[in-house]
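What follows is calculated from the coordinates using simple rules that are stated; it is not laboratory data. Since this is a predicted model, take the numbers as computed values, not measurements. Virtual Cβ from ideal backbone geometry, glycine too; neighbours counted across all protein chains shown.
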Amino acid sequence: MAEQHEHQTVTDSPAEPLRVVGEEPDTSRGTVQPITVVGNPVLHRACRTVTEFDSTLAELVDDMFVSMYAAEGVGLAANQIGVDARVFVYDCPDDEGVRHIGHIVNPVLEELHASHRQLDESPEGCLSVPGAYADLARPDYAAVIGSDKDGNKIRVEGSGFFARCLQHETDHLGGYLYIDRLSKRDRKDALRQMAESTPKYQTVPND
Ligand SMILES: [Zn+2]
């Protein structure tokens, strides 16, 4: 998921250090990969379930973190660097000033209890739809269960902007972009914004 302007003041403010949940990755290990964009088939089909928790998976997570940081994103799914695997990474603030950092393998969104079905309509963007933003209503709380890269079961939950991120990235692994959730008109507008902008990071050209 792409960083939002309104959150930059939060992440850039040295006077107000954020509480951190998770661990900062060792970015010396990964290699920056170009980002796939809307129209690339790898983004429009469900990713494969990960079955091997090996060094290849660990390297994938390393590459995903540095690729996300290079593109200044707050979340990245494996198919956004062209890899067909159910994995995403995040380094994303919530609305309470907490910075969440981590990765999850084979994530599944938990069903929401009625008390958590509060919708929040906010702007959303995606590194795979560069330069575009659109308002989208999503539940303001989300929890995903899955594994870490070593195969340990984990559960990640969050609210506000981070809840949006968890849902956005899980959607990616199912083959869906946030623009697939927009009305026809808003989708067209997002694609127009993308056509009129130049990405600030390397992308994979579509044929
Ligand atoms: Zn995205």
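Annotations
- Across the range 128-133, rounded Karplus estimates of 3J(HN,Hα) from the backbone phi angles (6.51 cos²θ - 1.76 cosθ + 1.60, θ = phi - 60°) give 8, 10, x, x, 10, 9 Hz, Gly and Pro being marked x.
- Contour excess over end-to-end distance, with Cα ends at D148 and T198 and 0.36 nm allotted per residue: 14.5 nm
- Helix-only arithmetic for the chain: the sum of -39500 (n - 2.57) across DSSP H runs with n ≥ 4, divided by the residue total, places the mean residue ellipticity at 222 nm at -7500 deg cm²/dmol.
- For the range 5-180: relative contact order, % (alpha-carbon pairs under 8 angstrom, 6 or more apart): 24
- DSSP bridge orientation in the range 5-180 - percent antiparallel, rounded to nearest 5: 90
- Projected-area average for the range 55-129 over all orientations - Cα convex hull basis, square nanometres: 6.3
- Backbone geometry of the range 25-36 corresponds, through the Karplus equation with coefficients 6.51, -1.76 and 1.60 at θ = phi - 60°, to 3J(HN,Hα) couplings of x, 7, 7, 6, 8, x, 10, 5, 10, x, 9, 6 Hz, x marking Gly and Pro.
- Applying a length cut-off of 15 Å (Cα extent along the axis) and a mean Kyte-Doolittle floor of 0.5 to the DSSP H helices of the chain leaves 55-70.
- Kirkwood hydrodynamic radius over Cα pairs of the chain, then Stokes diffusion coefficient at 37 °C and 0.692 mPa s, in µm²/s: 192
- Cut-off 19 Å (backbone N to label point 7 Å along Cα→Cβ of E23), residues of the range 75-114: 88-92, 99-106
- Aspartates and glutamates whose Cα lies under 17 Å from that of K149, excluding same-chain neighbours fewer than 8 positions away: E23, E24, D26, E52, D54, E59, D62, D63, D84, D91, E169
- Karplus (6.51, -1.76, 1.60) ³J(HN,Hα), θ = phi - 60°, over the range 141-158, in Hz, Gly and Pro reported as x: 9, 8, 9, 10, 10, x, 10, 8, 5, 9, x, 6, 5, 9, 9, 10, 10, x
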